[in-house]
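The values are calculated or read from the model by the stated rules, or taken from the named source; none is laboratory data. The shown structure was predicted, so the numbers you read here are calculated from the model rather than taken from an experiment. Positions of Cβ are generated from backbone atoms using ideal geometry, with glycine treated the same way; all protein chains shown enter the neighbour counts. These area figures cover heavy atoms from the full protein model, side chains too; ligands, DNA and RNA do not enter into them. Shrake-Rupley method; radii C 1.70, N 1.55, O 1.52, S 1.80 Å.
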Amino acid sequence: MFFQKEIETMSRPEMEALQLERLKRMVDYCYENIPFYHDRLEKAGVTGDKIKTLSDIQYIPFTTKDDIRDNYPFRMLAQPMKKIVRIHASSGTTGKPTVGAYTKQDLDNWSDQVARVAVAAGATEDDIFQISFGYGLFTGALGLHYGLEKIGATVIPASSGNTAKQLMMFRDFGVTGLVATPSYALYLSEMVRESGYPREDYKLRLGLLGSEGCTEEMREQIEKNLGIFVTDNYGMTELTGPGVSGECEYRCGLHFAEDAFLPEIIDTATGERKAPGESGELVVTTLLREGMPVLRYRTKDITRLNYEPCRCGRTHVRMDKVTGRTDDMMIIKGVNVFPSQIESVLVSTKGIGPHYQLVVRRQNFMDNLEVKVELVSTELLESYGELKALQRGLHDRLKSVLGLETKVTLVEPKSLERFQGKAKRILDLRNESSETK
Ligand code: ZN
């Protein structure tokens, strides 16, 4: 099923022609309406008519989160405030929040994009969706809210918190769809299992989860507990919000809304464009946004683009699930390593807990990575054979996932440091003189 079949199944040449036309227009629009881009584009000598092919996009300078932050709150707007009908902002864990500003047309396009993601996942007008994202400045809740209304589904703006009430609404309102973060969905799913009500009292069948990463194991757990089918979607305030890309029923990558967002993959270090299928940092140009367009926005998310046609009939390029953030990336012996890759191995290994630390050292001019991980119980410490087998198993799986030798150290339960808020899992000692030989 499709929401906008004509757009979603457009042939590649048609799509590229549409993107080129919109890109040219967008470059001129930014030049004329945003002083920041006026200066940037003038310096780079780029105007709309200089863009002859899509690959000419490489002559446009990148936009970074710092650029948006430096122009806080409204200097990235391309329209006067009287044309702006909505403001959102990201949480801003470091410094000022990132603002998003939307015209009426932006809101209309946005809900179309979310509607496509919802329909691709299997949502219909018969569904009753409970939105258990926190409402507020965050784009997730209102983004899904209007997208789901657009397909004619029933929307319950539950917001997050008050778990007992969430479960009561599931049962009493006959809720069939859940919108939440994966971690909240996991929590709710455990509560449902423990609620004591028979499974038939819950009609849930579909979960549209997003706004944070979700491991395969977590997804399986949520699906098992709730008896639902879960899909992932992707977006961020800098690019509108959710609806930038989303999984179809085949869950083999997230279809990008290519008529509205032009994706590229670059090498984080050099900024060079990568070939289709290669992994690197996702860079996105908005092609339709009026209120706050961005040109070549560096998302810091690491992924890959797959242009092969999909079984669902959609032609829009698929991006892999984000495998990491450039912020977290370590380069060890020339290999890009993300903590999330290591985490996925650890969470699926029996006998060890979720706490770990990564220590990078340089010895004899060689980098090496130590993975310290806690055992779940002290019992194992008494069996040398089992301990060795666990260590060896972890080492081998890490090697196949990372393509790198690691040193695995199993430590006693509760011996690693605990963190309030964002965990600091990487200890990079390579630039400390005592460690360098
Ligand atoms: Zn598909």
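Only residues that are closer than 19 Å to Glu290 by Cα and among the charged types (D, E, K, R): list them for the stretch 70-111, please.
Arg75, Lys82, Lys83, Arg86, Lys104, Asp106, Asp108, listed by residue number.
Hey, could you check the stretch 16-36 for residues that are surrounded by fewer than 19 Cβ atoms within 10 Å (Cβ to Cβ) and hydrophobic (A, V, I, L, M, F, W, C) and say which is nearest to Ala118 (Cα to Cα)?
If we take residues in the stretch 16-36 being surrounded by fewer than 19 Cβ atoms within 10 Å (Cβ to Cβ) and hydrophobic (A, V, I, L, M, F, W, C), then Leu18 is nearest to Ala118 (Cα to Cα).
Which of the residues belonging to the stretch 37-53 are surrounded by 18 or more Cβ atoms within 10 Å (Cβ to Cβ) and not β-branched (Val, Ile, Thr)? Write out each step before concluding.
Of the stretch 37-53, the ones surrounded by 18 or more Cβ atoms within 10 Å (Cβ to Cβ) are 37, 40-41, 46, 51.
Once the filter is applied, which keeps residues that are surrounded by 18 or more Cβ atoms within 10 Å (Cβ to Cβ) and not β-branched (Val, Ile, Thr), the stretch 37-53 yields Tyr37, Arg40, Leu41.
Before we move on, is Ser400 small (Gly, Ala, Ser), touching a Gly at 6+ places or on another chain (Cβ under 6 Å) and under 24 Å from Asp267 (Cα atoms)?
Numbers: small (Gly, Ala, Ser): yes; touching a Gly at 6+ places or on another chain (Cβ under 6 Å): no; under 24 Å from Asp267 (Cα atoms): yes.
Judged against the criteria, Ser400 is not a match.
Quick one: Glu379 ticks every box in (1) open to solvent by 10 Å² or more (accessible area, probe 1.4 Å); (2) closer than 29 Å to Gly210 by Cα bar one, so which box is it?
With respect to (1) open to solvent by 10 Å² or more (accessible area, probe 1.4 Å); (2) closer than 29 Å to Gly210 by Cα, Glu379 is out only on (2).
Can you tell me which of (1) away from the ligand (no atom under 16 Å from the Cβ); (2) in contact (Cβ under 8 Å) with a residue 12 or more places away in the chain; (3) open to solvent by 10 Å² or more (accessible area, probe 1.4 Å); (4) more than 27 Å from Lys104 (Cα to Cα) is the one Glu281 doesn't meet?
(3)
Restricting attention to the stretch 240-262, which residues are more than 13 Å from the ligand (Cβ to nearest atom) and free of Cβ contacts under 8 Å to residues at least 60 places away in the same chain?
The one that is more than 13 Å from the ligand (Cβ to nearest atom) and free of Cβ contacts under 8 Å to residues at least 60 places away in the same chain: Phe261.
What strands (runs of 3 or more DSSP E) completely inside the stretch 19-134 contain at least 1 residues that are without any contact (Cβ under 8 Å) to a residue 60 or more places away in the chain? Show your work before the answer.
Numbers: elements: 84-89, 99-103, 128-131.
It comes to 84-89, 128-131.
Give the stretch 236-273 a look and list any residue that's within 30 Å of Arg193 (Cβ to Cβ) and either at pLDDT below 95 or surrounded by fewer than 22 Cβ atoms within 10 Å (Cβ to Cβ) (or both), or say none. Don't jump to the end; show me each part of the working.
Filtering the stretch 236-273 for residues within 30 Å of Arg193 (Cβ to Cβ) gives 242, 246-252, 254.
Scanning the stretch 236-273 gives Glu249, Tyr250, Arg251, Cys252.
Tally time: how many residues in the stretch 296-334 are at pLDDT below 90, more than 25 Å from Ala121 (Cβ to Cβ) and open to solvent by less than 40 Å² (accessible area, probe 1.4 Å)?
Number satisfying all stated conditions: 3.
Specify the residue that is nearest to the chain's Cα centre (by Cα); the eligible residues are those in the stretch 284-323 that are among the charged types (D, E, K, R) and within 16 Å of the ligand (Cβ to nearest atom).
Within the stretch 284-323, the first condition is being among the charged types (D, E, K, R), and the residues that meet it are 289-290, 296, 298, 300-301, 304, 308, 311, 314, 318, 320-321.
Checking which are within 16 Å of the ligand (Cβ to nearest atom) leaves us with 304, 308, 311, 314, 318, 320-321.
Values: Arg304: 13, Glu308: 21, Arg311: 23, Arg314: 20, Arg318: 13, Asp320: 10, Lys321: 7 Å.
If we take residues in the stretch 284-323 being among the charged types (D, E, K, R) and within 16 Å of the ligand (Cβ to nearest atom), then Lys321 is nearest to the chain's Cα centre (by Cα).
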